[in-house]
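This report concerns only the one structure given below.
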Amino acid sequence: MKIVNVKHPLKNNQIPESDTVLIMGFFDGVHLGHQKVIQRGVELAHEKGLKSVLLTFDRSPREIYQHEENYKYISTVSRKAELVDKMGVDTLYFVEFTLDFASLKPQEFVDDYMVCMHAKYVVAGFDYTYGKKDIANMHELPKFAKDRFKVITVPEQMINGAKIGSSIIKRLILSDKIDYANELLGYNYQNQGQVVHGLKRGRTLGYPTANVVTSPEQLKPSIGVYVTRIEINGKWYPSMTSVGYNVTFKEDTGVTIETNIFNFDSDIYEQNVRVEWLHYLRGEIKFDGADGLIKQLNKDKEDSIHYFEEFNSN
């Protein structure tokens, strides 16, 4: 998959050379609903002998329009690219969402991007907008298209009677519902980060941990202990991970992600890793001392190993 980074306006050398199926959306998380949109676009491109092109943004429009600070993402730019690549898209465009770009009128956006990118079909979800939602929605897009391309609208996707959406998934991740969030994502949620030196308290307890620091824009799961996997140098290892404040020892560390890797004893400081969140075990507990914590960690490990045994048997 080719990746093109665009700073408005679109340059001549960035315009596709042939006709395209243009897939539109922000796609934070590339969840099951997004996957339906992308799959429809890719299949249509194959059917019509066209190139599949996905156009998205480098940041959420909410950061510009609503001036939201410390906005958290389900997927970073690199993670989104990885997920889109798995869907078979030919070319992925990341448009830098600047104030200049945001000031485009709906007709200008359609002309400068959809038409300019040789779209014969534009595929997007039912709630996609390209300006103010009352005038720049999918229902109004044929009017702006002026018969220059066909509009394909993918309807709302549901699972077990619930809407699949990025906002809902975020709330689930932040409220101990990682298992359900994974179901709506269609894969297990991940954080990417680097292993840094911590207080090394875990070693004294018999549970050494990798202290994983993520980039600020990544959404971290809610406080608690989880069954996880961790990827190191391309290999996945079973693990359990605590997201918490180290309340038992009253250490002012802020929220940390600390992963105990099963059957692993190598120096991985300063290495880039991924933590994959599989199952929520429990909330954070304050113990009177180390003995109570060690007993609980023993149980957490037993529960985690049982989870992996169940997972591998299915």
Subject >> Net charge over other residues, Cβ less than 11 angstrom from the Cβ of Arg282 (K, R count +1; D, E count -1) >> reply: -3
Original post:
Just for the chain, what percent of DSSP beta bridges are antiparallel, to the closest 5?
Top reply: 60 percent
Original post:
Mind checking the alpha-carbon convex hull of the chain and giving the volume per residue in Å³?
Top reply: 155 Å³
**OP:** In a Gaussian network model over the chain where Cα atoms closer than 10 Å are linked, find which of Asn263, Asn272, Asn211 has the largest mean-square fluctuation.
**Re:** Asn263
**OP:** Using only Cα positions of the range 257-314, each an equal point scatterer, no hydration layer, compute I(q)/I(0) via Debye at q = 0.25, 0.28, 0.29 Å⁻¹ and quote the log10 values to two decimals.
**Re:** -1.22, -1.28, -1.30
Original post:
Expressed as a whole percent, how much of the Cα-Cα distance distribution for the range 30-188 exceeds 24 Å?
Top reply: 37 percent
Original post:
What order do you get for Thr76, Thr241 when you list them from fewest to most C-beta neighbours inside 10 Å?
Top reply: Thr76, Thr241
Original post:
Roughly how many whole Å is it from the C-alpha centroid of the range 79-136 to that of the range 258-314?
Top reply: 41 Å
**OP:** Using only the C-alpha atoms of the range 108-220, find the volume of their convex hull and express it per residue in Å³.
**Re:** 173 Å³
**OP:** Please give every one of the aspartates and glutamates within straight-line cross-link reach of Lys48, meaning a C-alpha to C-alpha distance under 17 Å, and leave out same-chain neighbours fewer than 8 residues apart.
**Re:** Glu17, Asp19, Asp90
Subject >> Whole-angstrom Cα spans of the range 188-313 along principal axes, big to small >> reply: 38, 35, 27
**OP:** Cross-chain or 8 or more residues apart, Cα under 17 Å: how many lysine pairs in the range 188-313 fit that? Count them up, please.
**Re:** 4
Original post:
Where is the GNM fluctuation largest for the chain (alpha-carbon springs, 10 angstrom cutoff): Ser222, Ser266, Ser52?
Top reply: Ser266
**OP:** Select from Ile285, Ile23, Ile164 the residue whose mean-square fluctuation is largest in a Gaussian network model of the chain (Cα-Cα springs shorter than 10 Å).
**Re:** Ile285
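No lab work stands behind these numbers, since they all come straight from the coordinates. As the structure is a computational prediction, the values presented were derived from the model and not from experiment. Note that each Cβ is placed from the backbone with ideal geometry, even for glycine, and that neighbours are counted across all protein chains shown.
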